[in-house]
Amino acid sequence: MRLLRRHLAPLAMITILVGSTAVLVAATSPAASAAPAAVRDGWIRIAHLSPEAPAMDMYVYPFGNPGRPVVLKDVSYGAVSAYVAVVPGQYTVAMRGFGASATSKPALTASFMVTGGAAYTLAALGPDPGLRTEVLKDQMTAPAGKAVVRVLQASLKQHQVTVSYGPDVLARQLSFGAATSYQAVSPGVQTVRFTASGQHAAMPVTMAADSVHTIVVLDDSSGLKVGAVTDAVGSRIMPAGAISAGFGGTAPRPPANPAPWLVMIAAGALLTAAGLIRLRRPA
Amino acid sequence: MALAGVAVIALWLVGGLAGTSSQAPRAPSPGTGPAASAAGAQARAAAWITAQVSGNAMVACYAPMCAALQEQGVAAGRLMPLRSAAASPLGASVLVTSRSAAGQLASRYAPALIASFGSGGTRVEVRAVEPGGVSAYRAALRADIAARGAAGSQLLRNPRIRFTGADAAQLRASEVDTRLLATLATLASQYSFQVTAFGDAAPGAPLLFREVTITGINRSLPAALAMVRAQNPPYLPARIAIAGQTGLSIEFAAPSPLGLLSPVLDAGTPGPAAAAGGAFPPRSALFR
């Protein structure tokens, strides 16, 4: 019994320490930063569209609460994160090299305002050095029975690209860094074609009714590459949106639930208290 | 007095039209009277532009003003001489002109007054050229003022930054440059500090502070300095210095860009970073 008492307190302390650390990690993780989506929350996601830039960690800091950033780790070319719910307000976007410490020097690339109920894509594009972040406001609904699509031009090899979807020309001579408005198209499977000086690319893309899409003009080793991202389906924004062009997505983990850790801390605290009381009693 | 004003205007325009072929910079005329007053205003304007306007900005100017700028060390390659009273300054970032000559040019190309020197007919105005025209500028300015006020109010709630009453009032009044706001927010992601003063409002123009002094970072000051220095345009300050023993002074160049706080990409339009010409900083790495 004495042996048990002797080990009870340290065990309890360890439990508290482990539990507290886990809660700290959970609280500072992007998922926890993304508080449960309230009605008036906004939504953000991050897209890495620069073929020259290495994988990176992206931090989105609220102006009013910098201790709780949204953090996406190891975002690499072609990846589009899931949407993350954030409180409306002003934010800055900062990038660090993959694996760099959260206290290392960040590169501030943009500042933007989140409005309640709106969704945004933060697209990192351009050469490296010279990477920049463009903020696109995403549409979340489509007219009944239609699909809507826009084009984002992120090619470093071709600065003017014409883009069509089946018979519809979505963009003519679209400049690097520019995006079109969303346009309604008939749902179905059509070929997306990129035409630029001496180069072509094509890929069949399915657009279902009531869905919202972004076509991205990308580069690969042989020329242009079609990237297609689904922004929303049936009035619901996509939980994850890896570009469907053979790239991997950066699907964030589901929101961390701190409840188990809180239970562990409470249990640890009780054990500690019990241990301390027993230790103070004369043997 | 009116006659003197007319004489000064004539001096500006004649100088502007006749002096373009001259390669030699003109020194401000010594003495008193309207001519000296005009020269003095030009010299002050040239000194301010040299110190405060971005080193990459093209400056449109009439010949006397161009000469004054060259005397202050502005490279000829950054100057866009205007060869007639109605010449377009498009292509330049900044227009320097007299008040009398500013009417047409300002209404067409450069509605944003960023500084002025002197008074009456000898007043020299420094204006930001807005390629999108007056109505687009006004809309962008309205949105920017609203965004500055909202962002400033959110910074006031930031638990890692302490402000004086005066600074808080300036934040709420949208009088702080957007680059400063974003920089303060980013610094606060790493450090706690006190804003002691905003500064560098330009003379003779609507209040907009482009400089800040912060204290309280203490032992992390070198790291904070390095962090600010590591930024890329448009978030790379023109000057960063240790102020006193524990302070950090951060100053951005004029003119202050519009739209940085809410740069949502419009259809078919490159974003503000590209429009500002700062899209591809040539020799700065993302991760340093």
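The values are calculated or read from the model by the stated rules, or taken from the named source; none is laboratory data. Owing to the predicted nature of the structure, the values given are computational and were not obtained by experimental measurement. Quick reminder, even Gly has a Cβ in these numbers, built from the backbone with ideal geometry, and neighbours come from all protein chains shown.
Search the range B:226-244 for residues being of a type in the set (Gly, Ala, Ser) and surrounded by fewer than 19 Cβ atoms within 10 Å (Cβ to Cβ), and hand back the single one that is nearest to the other protein chains (Cβ to nearest Cβ).
From the range B:226-244, those of a type in the set (Gly, Ala, Ser) are B:226, B:230, B:238, B:241, B:243-244; that's our starting set.
In the following step, the residues that additionally are surrounded by fewer than 19 Cβ atoms within 10 Å (Cβ to Cβ) were identified as B:226, B:238, B:241, B:243-244.
Working: B:226: 6, B:238: 16, B:241: 18, B:243: 20, B:244: 23 Å.
My answer is B:226.
For residue B:167, which of the numbered conditions (1) away from chain A (no Cβ under 11 Å); (2) in contact with an Asp or Glu (Cβ under 9 Å, 6 or more places away or on another chain) fails to hold?
It is condition (2) that residue B:167 fails.
Check every one of the helices (runs of 4 or more DSSP H) wholly within the range B:110-188 and list those with 1 or more residues that are surrounded by fewer than 20 Cβ atoms within 10 Å (Cβ to Cβ). Lay out the reasoning, then the answer.
Values: elements: B:134-156, B:165-172, B:178-188.
Where helices (runs of 4 or more DSSP H) fall fully within the range B:110-188 and carry at least 1 residues being surrounded by fewer than 20 Cβ atoms within 10 Å (Cβ to Cβ), they are B:134-156, B:165-172.
Looking at the structure I just gave you, is residue A:211 within 21 Å of residue A:44 (Cα to Cα) and under 25 Å from the mean Cα position of the chain (by Cα)?
yes
For residue A:171, indicate whether it is under 26 Å from the mean Cα position of the chain (by Cα) and either within 21 Å of residue A:126 (Cα to Cα) or in contact (Cβ under 8 Å) with a residue 12 or more places away in the chain (or both).
no
In this structure, does residue A:57 turn out to be part of a loop (DSSP other than H, G, I, E, B) and either within 9 Å of chain B (Cβ to nearest Cβ) or farther than 23 Å from residue A:215 by Cα (or both)? Don't jump to the end; show me each part of the working.
Numbers: part of a loop (DSSP other than H, G, I, E, B): no; either within 9 Å of chain B (Cβ to nearest Cβ) or farther than 23 Å from residue A:215 by Cα (or both): yes.
It is false that residue A:57 is part of a loop (DSSP other than H, G, I, E, B) and either within 9 Å of chain B (Cβ to nearest Cβ) or farther than 23 Å from residue A:215 by Cα (or both).
Assigned to a strand (DSSP E or B), more than 26 Å from residue A:57 (Cα to Cα) and facing chain B (nearest Cβ under 9 Å), is that true of residue A:123?
No: the conditions fail for residue A:123.
Please specify each residue of the range A:65-95 satisfying the condition of being more than 15 Å from the chain's Cα centre (by Cα) and either facing chain B (nearest Cβ under 9 Å) or over 20 Å from residue B:147 (Cα atoms) (or both).
Scanning the range A:65-95 gives A:65, A:66, A:67, A:68, A:89, A:90.
Go over the candidates A:132, A:150, A:45 one by one and state the one that is facing chain B (nearest Cβ under 7 Å) and either of a type in the set (D, E, K, R) or over 28 Å from residue B:221 (Cβ atoms) (or both). Quick ask: steps written out before the conclusion?
On the way: A:150 fails: facing chain B (nearest Cβ under 7 Å); A:45 fails: facing chain B (nearest Cβ under 7 Å).
Residue meeting the stated conditions: A:132.
For the range A:167-194, what are the residues that are more than 14 Å from chain B (Cβ to nearest Cβ), within 13 Å of residue A:226 (Cβ to Cβ) and either hydroxyl-bearing (Ser, Thr, Tyr) or surrounded by fewer than 23 Cβ atoms within 10 Å (Cβ to Cβ) (or both)?
Those that are more than 14 Å from chain B (Cβ to nearest Cβ), within 13 Å of residue A:226 (Cβ to Cβ) and either hydroxyl-bearing (Ser, Thr, Tyr) or surrounded by fewer than 23 Cβ atoms within 10 Å (Cβ to Cβ) (or both): A:190, A:191, A:193.
Being free of Cβ contacts under 8 Å to residues at least 24 places away in the same chain, surrounded by 22 or more Cβ atoms within 10 Å (Cβ to Cβ) and of a type outside the set (D, E, K, R), is that true of even one residue in the range B:93-105?
Checked against the condition, which is being free of Cβ contacts under 8 Å to residues at least 24 places away in the same chain, surrounded by 22 or more Cβ atoms within 10 Å (Cβ to Cβ) and of a type outside the set (D, E, K, R), the range B:93-105 yields at least one hit.
In the set B:76, B:68, which member is among the aliphatic types (A, V, I, L, M) and surrounded by fewer than 17 Cβ atoms within 10 Å (Cβ to Cβ)?
B:76
Here's a check for you: in the range B:59-102, which residue that is of a type in the set (Gly, Ala, Ser) and in a strand (DSSP E or B) is modelled with the lowest pLDDT? Explain how you work it out, then say what you get.
First, the residues of the range B:59-102 that are of a type in the set (Gly, Ala, Ser): B:60, B:63, B:67-68, B:73, B:75-77, B:84-88, B:91-93, B:98, B:100-102.
Next, from what is left, pick out any that are in a strand (DSSP E or B): B:60, B:92, B:98.
Values: B:60: 94, B:92: 94, B:98: 81.
The selected residue is B:98.
Would you please list the contacts, defined by Cβ atoms under 7 Å and residues six or more apart or on different chains, that run from a residue in the range A:104-116 that is within 7 Å of chain B (Cβ to nearest Cβ) to a residue that is among the basic types (Lys, Arg)?
These pairs meet every condition: A:105/B:288; A:106/A:96.
Any idea which of B:258, B:236 is at pLDDT 80 or above, touching a helix residue (DSSP H, G or I) at 6+ places or on another chain (Cβ under 6 Å), of a type outside the set (Gly, Ala, Ser) and part of a loop (DSSP other than H, G, I, E, B)?
B:258
Looking at the range B:205-220, can you tell me whether even one residue there is at pLDDT below 95, away from chain A (no Cβ under 14 Å), farther than 24 Å from residue A:113 by Cα and assigned to a helix (DSSP H, G or I)?
Yes: the range B:205-220 contains one or more residues that are at pLDDT below 95, away from chain A (no Cβ under 14 Å), farther than 24 Å from residue A:113 by Cα and assigned to a helix (DSSP H, G or I).
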